[in-house]
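Beneath this line is the structure, given in structure tokens, with notes to follow.
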Amino acid sequence: MVDSKLHTLLAVCEFNSFTKAAEHLSLTQPAVTQHIKQLEKELGVKIFNRIGSEIKPTNEGNIVIQYAKRNIALYERMMQDILNEKHHTRRLTVGITHTAESNAVAEVLGKYCSKNAGTSITIISDSIKNLYDMLKNYEIDIAVVEGQIQDDSINSLLLDTDSLVLVVSNNHPLARKGMVTIDDIKKEKLILRRPSSSTRNLFTAHLESHNMSLDEFNVILEVDNTATIKDLIRRDIGVSILARSVCLDELKKGKITVLPIENLSMIREMNILYHRDFKHVDILQNILKEYNKTVKYYSS
């Protein structure tokens, strides 16, 4: 059984309040306070500091919180695996980035489940950093992310190689060109992903490697959702830099145009990340096969 004090700790973190944590857990505030004090005594550390009206974890507290999340996630995973074994089912939680959410990955996972009775997948979308933290804490089983993670405890399987391109509407003047230049893009109204996205960061890094910055471009909107960005492009609100993989469906249906950018080759890997002790490697191989078939269909 998981120590109930760990659940109390995470509730305090989530709500940033002893009072709200007590309400959420149906406990009294003194009981919540006592749980935290007991944890601090057992571990010999101070977990929270009070700064004005806010409470903030200490450095040691952050370590305790991280392992509390991992402890609870491992216990829940154990219970789920036992249940899966009893009912001969397999349930997975897969973390994907917002870019992966908009390309063929979600479709592939759905197809895999429909073809394999007894398998169900829960998809969580978040930033690469948050997904990596969740994977480390066993809150998700696998993660599909752009780029690589340097961590000896995590295995990776190459899913695809992707590239960033300029995306414009079919009736945009640039759509008649086979390639665009940086100067072409500087003249356009640019719609970009948020600064936290790997797509935005890769574009920015390549600009900097060519002694340029985003300040030289006319960025009119920052949008987190790629589907919204593509809709705005089709309405001629602006153009965007996106991963080619998120445009596969629109390209197949002839709804948008993608163009390479001269002297700016922005290539990156898409990888499946998983723990070394992950038991269902066969699922990963089958997902990879399904992905290749799906991408081939969109590319034909």
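Points worth noting:
- Estimated [θ] at 222 nm from DSSP helical runs (n ≥ 4, -39500 (n - 2.57)) normalised by residues in the chain, nearest 500: -14000 deg cm²/dmol
- Residue-count net charge about residue 225 - beta-carbon cut-off 10 Å; Lys, Arg +1, Asp, Glu -1: 0
- Sparsely packed trypsin sites (Lys or Arg not before Pro) within the stretch 237-297, loop by DSSP, other Cβ within 10 Å at most 16: 253, 255, 276, 279
- Angle between the chain longest axis and helix 198-209 axis [Cα atoms, degrees, rounded to 10]: 60 degrees
- Computed log₁₀ I(q)/I(0) - Debye formula, equal Cα scatterers, no solvent, the chain, q 0.11, 0.17 Å⁻¹: -0.82, -1.27
- Relative contact order of the stretch 6-151: 21 percent, from C-alpha pairs under 8 Å at least 6 residues apart in sequence.
- Computed over the chain, relative contact order equals 21 percent, with contacts defined as Cα pairs under 8 Å that lie 6+ residues apart.
- Net charge in the neighbourhood of residue 73 (other residues with Cβ under 13 Å of its Cβ; Lys, Arg +1, Asp, Glu -1) is -1.
- Ascending count of other beta-carbon atoms within 10 Å, so fewest first, for 161, 58: 161, 58
- Phi angles of the stretch 110-121 translate, via the Karplus equation with coefficients 6.51, -1.76, 1.60 and θ = phi - 60°, into HN-Hα couplings of x, 5, 4, 5, 5, 8, 10, 4, x, 10, 9, 10 Hz per residue; Gly and Pro are given as x.
- Packing rank of 181-192, 114-125, where each peptide gets the mean count of other beta carbons within 10 Å, highest leading: 181-192, 114-125
- Remark: 60, 139 ranked as 60, 139, counting other beta-carbon atoms within 10 Å and listing the fewest first.
- Near-label residues of the stretch 221-242 by backbone N, under 20 Å of a point 7 Å along Cα→Cβ of residue 171: 229-240
- Extension gain from residue 114 to residue 214, taking 0.36 nm per residue of separation minus the Cα-Cα distance: 31.6 nm
No lab work stands behind these numbers, since they all come straight from the coordinates. In this text the structure is predicted, and so the values were computed from the model without any measurement. Backbone-built Cβ (ideal geometry, glycine too); neighbour counts: all protein chains shown.
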